Every structure is written in structure tokens, then in C-alpha cells.
Ligand code: PEP
């Protein structure tokens, strides 16, 4: 029994052009529909590259798919001379539900600081997109035993200007950097440790009720054969899946973690 509706999210990263995106969404939807998947019970979202979003929108609308989708990033600005950036306004107009904020690959490859992440979070909220805020430590921080402090500091900085009403809309993804795309999975106990620490911090920053309502996902080399153990943890409400979300059968099996 879940107090919060589980969310299974697939981050495609820079994979799948718009032809492949349509094919993957169709196959995924067919598989889930064949198994009578209840989308109200376990929500499903995919995060294709920007160039796929229009195709995914058209397909989900035409076939009335219950699958939701979002973007992998958003500009902190709404419009203007920001070559290459994508406004939250554009994403909302493409009927995106979610947007990933501060994914570790944005932080490391594009040098996104905690302050930029905070500004992007505000941009998402301004445009009524549900942010999935990604936080998590690198290997050295973990080995030094500083992972909880580090991750909570990222969380506090991102939430610096977010009030209680807005924070209730948020999803938080704990993604230890050393477990992303490496095949290295944090144990369910590690995921739970951070899930509980994040919730405790949210209760301190806001209040217990708000903290209890916010979904905390785990991400890092999640696959069909390890998802169930992670989902059994009390403070983990879903998973953010990278590599394993590119295969329709594997991802469908992750979505169907209870079976
Ligand atoms: C991710 O991209 O957020 C992720 C967790 O990737 P992977 O599942 O491939 O480790």
C-alpha cells in the first residue's frame, strides 16, 4: 500500500530521434495496455529529447494515451536572446507535465551550479510544470561519508525561494552520481537512508504534512530485476530510469514492478 502514488520515469537522455520516439512510445503503451496497467495506480512518464516532444504529444493525444511526458531540461529564462535554450513556456504549450531539473549530467557537463538549478526550478514552477529535482553525491563524497550533508545542501539551495504551496508540487529524485549509467546500484537501504533524510529535511524546511506528500524517487542503474526491492522502501516513491528506459519490454517490466 502506497501513501503516495508511485511514479516511474524514463530519462532517454540524448537517445532516440523523433521516429524512434514514436515507435518506443507506441510499443510501451501497447505493452502496458495489454497488461491492463492502471495508470492511476502507478504513473508513468517519459523524458525524450526536446526534438521528440511534438511527436510524442501528437501520438499521446491522438491515441488518448495515459502516459505522461516531460523535458530533460528547461531554461531559467522565459524568452529572449538565449541561443539554444528552451523556455518553460514552450514546454507547457507542448503539454509537458514534468521537467527534469539539475540532472547530474547537466550539473557536470554543462556546469550547472546549485543557483542555476534553483533558477530553473523557479522557471518550471512559473510555467506550471512539475519539476523533478535531481540531487545526489559523487563517489568521493560518498566514500568520505558526507553524502547526506552534501545532498541535503543541494536540496536546500534549490528550494531557497520555493514556498510551501509550490514545494508540494515537486518531485525529488535522489540519484547518487556514482550509480548513474555505471551498473553500480545503491542498495535499497542506501536509497531509503537518503529518502528518509530528504523527507526529514523537507519537514524541517516546511512541515510534516508537506514532507509526507512529496514524492522521492531513486535513480541509478535501475532495472527490472532490482526495482522491486527499491520500491519496497518506505520513503522511496518511484524510480528515475536512464539506460533501461530505452527498451520497451524492460521499461514495461519496471513499470510493472509489483507483478
Ligand atoms: C538517469 O539518467 O537519471 C539514470 C539514473 O541513468 P541510469 O538508469 O542509466 O543509471
Query raised in the report: In the range 231-259, what count of residues is obtained for those that are within 12 Å of the ligand (Cβ to nearest atom), within 30 Å of residue 165 (Cβ to Cβ) and touching a helix residue (DSSP H, G or I) at 6+ places or on another chain (Cβ under 7 Å)?
Result: 2
Report task. Return a yes/no flag: does the range 229-243 have any residue that is part of a loop (DSSP other than H, G, I, E, B) and free of Cβ contacts under 8 Å to residues at least 40 places away in the same chain. Result -> no
**Report entry** Residue under evaluation residue 118, criteria (1) within 16 Å of the ligand (Cβ to nearest atom); (2) buried (at least 17 other Cβ atoms within 10 Å of the Cβ), criterion not met
**Finding:** (1)
**Report entry** Checking residue 225 against (1) over 18 Å from the mean Cα position of the chain (by Cα); (2) more than 16 Å from the ligand (Cβ to nearest atom); (3) free of Cβ contacts under 8 Å to residues at least 40 places away in the same chain, the condition it does not meet
**Finding:** (2)
Report task. Being farther than 23 Å from residue 146 by Cα and out of contact with any helix residue (DSSP H, G or I) (no Cβ under 6 Å at 6 or more places or on another chain) is the filter; apply it to the range 202-213 and report the residue that is nearest to the ligand (Cβ to nearest atom). Result -> 213
Query raised in the report: Going by the conditions given, is residue 74 more than 15 Å from the ligand (Cβ to nearest atom), assigned to a loop (DSSP other than H, G, I, E, B) and buried (at least 19 other Cβ atoms within 10 Å of the Cβ)?
Result: yes
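Residue-wise test of (1) within 19 Å of the chain's Cα centre (by Cα); (2) within 13 Å of the ligand (Cβ to nearest atom).
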| position | (1), (2) |
| --- | --- |
| 160 | no, no |
| 165 | no, no |
| 168 | yes, no |
| 176 | yes, yes |
| 181 | yes, yes |
| 189 | no, no |
| 192 | yes, no |
| 195 | yes, no |
| 200 | no, no |
Report task. Select the helices (runs of 4 or more DSSP H) contained entirely in the range 138-181, then report the ones holding at least 2 residues which are touching a strand residue (DSSP E or B) at 6+ places or on another chain (Cβ under 7 Å). Result -> 147-158
Query raised in the report: Can you name the number of the only condition in (1) free of Cβ contacts under 8 Å to residues at least 24 places away in the same chain; (2) within 15 Å of the ligand (Cβ to nearest atom) that residue 219 fails?
Result: (1)
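Each value in this text was obtained by applying a stated rule to the coordinates, not by laboratory testing. Everything numeric here is computed off the predicted structure, so don't read it as measured data. Every residue, glycine as well, gets a Cβ built from its backbone with ideal geometry; the counts of neighbours run over all protein chains shown.
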